[in-house]
Structure formats: structure tokens, C-alpha cells
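Have a look at the structure below before the remarks.
The values are calculated or read from the model by the stated rules, or taken from the named source; none is laboratory data. Quantities reported herein were computed from a predicted structural model and do not represent experimental measurements. A quick note on method: Cβ atoms are made from the backbone with ideal geometry, for glycine too, and the neighbour counts reach across all protein chains shown.
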Amino acid sequence: MSLVKDAISEQKIPFACIVIGIAALLASFLAEWAWPIVFVPILICGVPIVWGAIIGVVKEHDITADVLVSVAIVASVLIGEYDAAAEIAIIMQIGGFLEEATVNHANASIMRLVGMRPATARVVRGGQESTVPVEDVVLGDTVRVIPGEIVPVDGVVLSGTTSVNNSILTGESVPRDVAPGDRVSSGTVNMFGSVDISVDRVGDDTTIARMTRIIENADAGKSRVVRTADRWAVYIVIIAFTVAILSYLAFQDVYRSVTVLVVFCPCALILATPTAIMAAAGNMSKRGILVKDGGAVERMASVDTILMDKTGTLTTGEIVCHGFTSTDTATDAEIIERFVSAVESRSEHPLGRAIASAHRGEMEPAEDFAYMPGRGVSGTVRGLRVTAGNEGLMTELCPENLDATLESAAKVRDEGYTVVFSGIDGRTVGFAVLSDTLKRDSAETVSELRGLGIRTVMLTGDDRHVARRIADSLGMDDVIWECLPEDKLRTVVSMEGERTTCMVGDGINDAPALKRADVGIAMGGIGNEMATENADIVFVDDDVSKIGGVVRLSRRTLFTIKAGITFSIVLNSVAMVMAVFGLMGPIAGALVHNIGSVIVIIMAALLLRYECWPSPGRDRTGPGRTTASV
């Protein structure tokens, strides 16, 4: 019912024409003297169809279903069947109205994101709050967002705590708590407290603006099946005219010929693909998945190999410290952790931050801190000189016990972990064990894809040991390590002709492979414009568990497309035979033709609510991390 209400509000003129046309047709039936009123529906419903067909043929050289309908209407008028012409015109308008309603309803699920761009923002400058157009907000401004407002810009929370509703961007059902230091994106909704945000993205760089550009570029007409249906439509028009002429020559009955032209219109065949793809795209958009290329939905159904970048796709990209190993009998691991964490707390390096974050006790003060780029750090803790870094730094500053430590660390390295060596007063005493962390659902997603008959391959720039450990823990079919961007592209190219590939990645180094693969999926959506610009499908969040749902929905969509095309061809063929042998007249033919179109549309509309996603019971509040060591 909401679909019809939306359609009426969006298509007021077509709806009014249908109502007036039906009223005029009924009036011509009820009062014999009022029969001229029958021309009203012919004019307001039939003439637009005829005119559109003429324009299509003359200007665009495009033969569509309207050509057959136009000929049927004109032929009915010429033979004096005004009622038939009026009814055909009205039924065709009703069919077109319902077709447009379904497409608009599906498209609205995507385009609702466009409307999430606020027009104004509360800017705090010099302690004074003022409301300005969002276009006037500049980098570095402080924007205040009160409860219930849409966040107008991207930035970092300066003060205040609240919860934001990310559902419009990511499909998350649970609001995300934010506090000072947390990032927020434009398009999300502030639910509770007032927060001040330091702006670091404005205008076309904001999350919602980038999403809008992606949405506006979406086009279901790029699908190969759409182009095939269009070509079939031309042949069907030729066949219909041929059969109509032969029917007239055989039976000398113009009614049969007119009916053939009506029932053999390929509307349902042409509608099958775009309505199904738009409905599927609408379904995905509700889960934070944007379809840039409608043809990608069709191609995804045939994918048999998925290539997946490691960092940011299968892993969080955040380094964690799993603990320390002591190689000195006089110094236990707890002391090493306490001293090294104190020094690393002064460091900005990702490994240093991971080590400092892992320390749960009170942090010791560190003095005389020194950072040596590409090598490590050092500092004084409790009068002792503490060093943390790579083998080269240890060789220079902490040569004692280094060989034994290197031998012990080699075993850990072979298992795919990263180590940071630790030294105290010139003696190497142990090392920290670190690694990237798997996303919560990575292993389950890989297992799901393999269950769908899809081969999974991990691509990573890491060395062999790290790559193998991650791939084996996930159950990947294959892994290719030490990949440069050209290596990822070369891998995709090497599979062309043999496999249908899907590349999943999130970084600039993934962009060439995303562009070349049959289907490119960008993870994390808006964080990397290079990746999103070269992808066919964009995950606004980085929830890897949704990939399986995309595969299942795409397969269901292709099945729906093929079923719709098959149904339309069978229906048109049966109706044509009945028309040739005089078992169906023009009015019945128009009714059957439009019933076929409506059935195809209903089949497609079911995709809007097709359930193929992870169970709501599973936690989907964020990318997550594994609790165990990777």
C-alpha cells in the first residue's frame, strides 16, 4: 500500500490521466449519447504512448514495445473499435504507472542517502555560536551538534559524549557511543548529548557527499542482460509485425492482427532486468552497501573466485601486542613490559602505540626519550637506559645476549608474528610479540564463501610467514604474498578467461585490481576515494560478513531475471497463438500483456525484502577484533 501511495504522490499527472480515462470510458458505456467521451482516454492515455514511440523511432532510432502498442491503438481506431483503443491505452498507462512505482520505490531505498545532507551547521567561532550554510563551514571550524540533528560534516569529537545512529551509512541497528577523540561522519544522527566537533572534511570530501556521488552514478542500464533484452525487443517487434501480416493474409481478419500486435509487446521481457537489479540494489542499500554499476549484480552471480586484500579487509589493520618474551634469566617478562611500555608511551609509531596500549598497570615515567627513525626508541626509566627497536639498533646499543635473543625470536617470526627487541643498559633481554588482528567475522565469511562454491585467495604485501599464518587461520584456498599494486593487477589479469573474479579491497594499492576484476568491492566505503571510484560495489562500513549476502542476493537476482524473461516469452507466445486463431481479442490481449508485466514486476519487487544477510542475533556494532592471538 505504501508503494502505491508513494507512486501517486510522485506521479500525480499519470495517475490523474488514468482516473479521468477510466471515468470517461465508464461514462461512454453508461450513456449511449455520451459515446464521444471515449476519445478522452484515447487522447490523454494513448497519444503520449504513440508520441513517445514516434520520437523513439525518429530521433533515437530505437524500436521499443511502445511501437507495437501505438500501432495497436491506431489500428483499433481506424477499424472503429474505439472502446478497444481506449481500454488498451488505459491498461498500458496503468501498467506503466505500476512499473514506474516499483522502480521508484526500489530506487528510493538508495536515493534516501542523498537527502541526508544538512543545509546548515552550528559553528562556534570566538566562543559565539551561529548557524551558517553548510557550504560556509571550513576546515578547522568547531561545529556543535545537538540531540536529534544530523551531523553536517566529518570530524573528531572535541567535547561531549553521545550516541550516533549510523544506520543510514552502515545499516547498524545499534547506535555507536562516541566521546572526545572519536571520529564522526556526516549523515549520521546525534541521538542524545550535545557534542562539539573539530572539522577535518567539508564540502565534497565529506562522507555523505562522497556517497551521494556514488549513488548518482549508479545505473542499472549497464547490465549485459539489459542490452540483450533490448536486442530481443527489436526482433520481437519484427516477429510481431510479420505474424500480424501473415495472420491477416490467412484469415482476412484485422482484429486478429491488431491483437497479435498488442499481446506480443516485449514489455515484460525488457522490464525483467532493470526492475530486478534496482530492487536488489535497494535491498543492499539498507545494509550499507552501494551499487555503483547495476551490471555488477548480474556478474556477481557468476563469480567463482574472490580475491581479498588482507589489511583492512580481513584484518582490522590495527597492531596489537600479545605480550613479551624474556631471553635473560635475570629479567622477567613483566619487568620488560613495564620498562619498554614506559618508553614506547612517548612514541608515535604504530608498533610503539600498540606496546604502550597493551600495558594495563600504572605507567612508569620515562626521561631522556629519543626516537631514531626506522630503528626504534630509547629512554631512561628508574635510572636504567631502556631500548626498543630492530636488530640493527640492538646490534649498536645492546649487543650482549643478542644472538640468543635472535635465535628465540626466529621461531616466533617464522610463525608470522612481528617482534620488537628490548634492551636494558646495553643488554638485549627479550622482545615484544605483535601482529595485525583478524576481524571478528573473517574466518566465518571465508568458510561461508567456500560453502557457496567460491574459491578464496588472499593478496597481501606482507612476507611469506605472516601471509601464510593469516591465510591458514582463515582457511583460505590460496595466498599470494609480497604483492605490489601491479602484482595484484597481474593476478586478476592472469585469471581472465578462466575464472570470473571479484576483488575486495580498501586501499589505493587495490584500486587497479578493483577496476580490472569482473566485480570490484571497496571496503570501508568512504575512507579511500581511489578505491571507491574504481569499485562497482561499495561497503560503507567494513563488515566483511556481508560479502556472502551479496553473492546470494546476486544469484537470486539473476534467477529472477531469467525467470522473468522466460515467463514473458512463454506468455507472449501463447497469447500470440490464441490471437492468431481468434481466441483472444484486442482488449483481452492488452489485459494479458499488462498482467504479464505486473507479474514480472512483482517477482522483482520481492527482492527488496529477500533475506540473505547475517542473523540479527550476531553482533554487528563494529568491525570487531578477535579476542585470541592471531
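Worth pointing out:
- Every listed requirement among (1) part of a helix (DSSP H, G or I); (2) in contact with a Phe, Trp or Tyr (Cβ under 7 Å, 6 or more places away or on another chain) is met by Arg552 save one, (2).
- Matching residues, the stretch 135-165, being surrounded by fewer than 20 Cβ atoms within 10 Å (Cβ to Cβ) and either touching a His at 6+ places or on another chain (Cβ under 7 Å) or over 30 Å from Asp543 (Cα atoms) (or both): Glu135, Asp136, Val138, Gly140, Asp141, Thr142
- Within the stretch 179-216, considering residues that are at pLDDT 85 or above and of a type in the set (D, E, K, R), the one farthest from Val137 (Cα to Cα): Asp182
- Residue within the stretch 318-328 that is under 22 Å from Thr428 (Cβ atoms), part of a helix (DSSP H, G or I) and among the acidic types (Asp, Glu) present: no
- Qualifying residue in the stretch 474-486 (condition: closer than 26 Å to Gly374 by Cα and buried (at least 23 other Cβ atoms within 10 Å of the Cβ)): yes
- Candidate set from the stretch 366-378 (those that are farther than 20 Å from Asn401 by Cα and at pLDDT 90 or above); member that is surrounded by the fewest Cβ atoms within 10 Å (Cβ to Cβ): Asp368
- Enumeration of residues in the stretch 413-450 that are surrounded by 20 or more Cβ atoms within 10 Å (Cβ to Cβ), in a helix (DSSP H, G or I) and not hydrophobic (A, V, I, L, M, F, W, C): Ser442, Thr445
- Thr532 vs. criteria closer than 30 Å to Lys310 by Cα, surrounded by 22 or more Cβ atoms within 10 Å (Cβ to Cβ), out of contact with any His (no Cβ under 6 Å at 6 or more places or on another chain) and not assigned by TED's automatic domain parsing to the domain that holds Lys515: no
- Condition met for Val132 (surrounded by fewer than 19 Cβ atoms within 10 Å (Cβ to Cβ) and of a type outside the set (Lys, Arg)): yes
- Residue match in the stretch 166-178 (condition: loosely packed, with under 15 Cβ neighbours inside 10 Å and either hydroxyl-bearing (Ser, Thr, Tyr) or modelled with pLDDT of 65 or more (or both)): yes
- For the stretch 240-269, taking the residues that are touching a residue at least 40 places away in the same chain (Cβ under 8 Å) and of a type in the set (Ser, Thr, Tyr), the one that is farthest from Met584 (Cα to Cα) is identified as Ser247.
- Arg346 fulfils the conditions (1) among the charged types (D, E, K, R); (2) farther than 20 Å from Val419 by Cβ; (3) out of contact with any Asp or Glu (no Cβ under 9 Å at 6 or more places or on another chain); (4) exposed (fewer than 15 other Cβ atoms within 10 Å of the Cβ) except for a single criterion, (4).
- Condition met for Phe567 (of a type in the set (Phe, Trp, Tyr), farther than 27 Å from Tyr417 by Cα and surrounded by fewer than 23 Cβ atoms within 10 Å (Cβ to Cβ)): yes
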